[in-house]
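Notes follow once the structure below has been shown.
The values are calculated or read from the model by the stated rules, or taken from the named source; none is laboratory data. Just so we're clear, the structure is a prediction, and the values are computed from it rather than from any experiment. Neighbour counts are summed over all protein chains in view; Cβ atoms, including those assigned to glycine, are modelled from backbone coordinates with ideal geometry. What goes into the accessible areas is simple: the full protein's heavy atoms, side chains included, and nothing from ligands, DNA or RNA. Shrake-Rupley method; radii C 1.70, N 1.55, O 1.52, S 1.80 Å.
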Amino acid sequence: MGVEAALVIALYVVYDASRGLVGGGRSAAIAHARTVVSWEQGASLGIERGVQRLAGDIPGLMSLFGWGYMTLHLGATAAALVWLHRRRSERDDTTLRTSLLLASALGLVGFVFFPTAPPRLAAVGIADSVSHAAVNLNSTSLRWLYNPYAAMPSMHVAYATLVGFSLAHHGRRRLWRSLGVLYPIWVATEVTATGNHFVLDVLAGVLVAGAALVGAHLIGERVAWRSTRTTGPVLAPSVPQPARAA
């Protein structure tokens, strides 16, 4: 677990530094965001302003979304890892950790080659509700802690999908399985309503999670196969035969 955790941390550091690895910086990220808007218009997916408006009509919901955006991404993921570990399901625990690692690597590829500004920074008529309700994401100090131009794919949604799948697949109680289904939907609505992701960012996050799960499964099967080859088949203990009478 320690090696995989270290790799996730290393990927996060590289991801944060990725704003310096891409050409064009802020101007390229805004241009890509407007390209995403154009794609959404062509596919009739541009619903971000409508979602934000509807959420704003419900008292207190935008504040809840804002604090959730700041805390659930890492908090809920860590809680799910602890939950699986306490269940003493090593294989399930390893699958989630491996899929999170693979998702982070895929996300890094997207951030480097297609840096994208979030809707709140793209000047497309979508408000920055988190900075008004929770923490100012535009402050200079916070920008040292995260990449503001890493909206595509949405890693909030990718992680939420992986956590939700683990809860729904491995939960023994209906409560956990229901939470596993609802949690990714909540996060997808949250990141859209707060102006932090376009709908296409959300869909890309789901695709990243799916690819990471497939990759983690294949890796697990490969490790199990190699382990079987190394240890060899388990032979049944021999049963002594009774001696024949002379």
(message) With θ taken as phi - 60° and the coefficients 6.51, -1.76 and 1.60, list the Karplus ³J(HN,Hα) couplings across the range 168-182 in order, rounded to whole Hz; mark glycine and proline as x.
(response) 5, 7, 10, x, 7, 9, 4, 4, 5, 5, 5, 4, x, 6, 7
(message) For Trp67, what accessible surface area do you get with a 1.4 Å probe? Give it in Å², rounded to 10.
(response) 130
(request) Work out, step by step, the length gained on full extension between Arg173 and Glu221: first 0.36 nm times the residue separation, then minus their alpha carbon distance; give nm to one decimal. (result) 14.6 nm
(message) Sorting check: for 153-165, 71-83, 202-214, which peptide has the highest mean count of neighbouring beta carbons within 10 Å, and how do the rest follow?
(response) 153-165, 202-214, 71-83
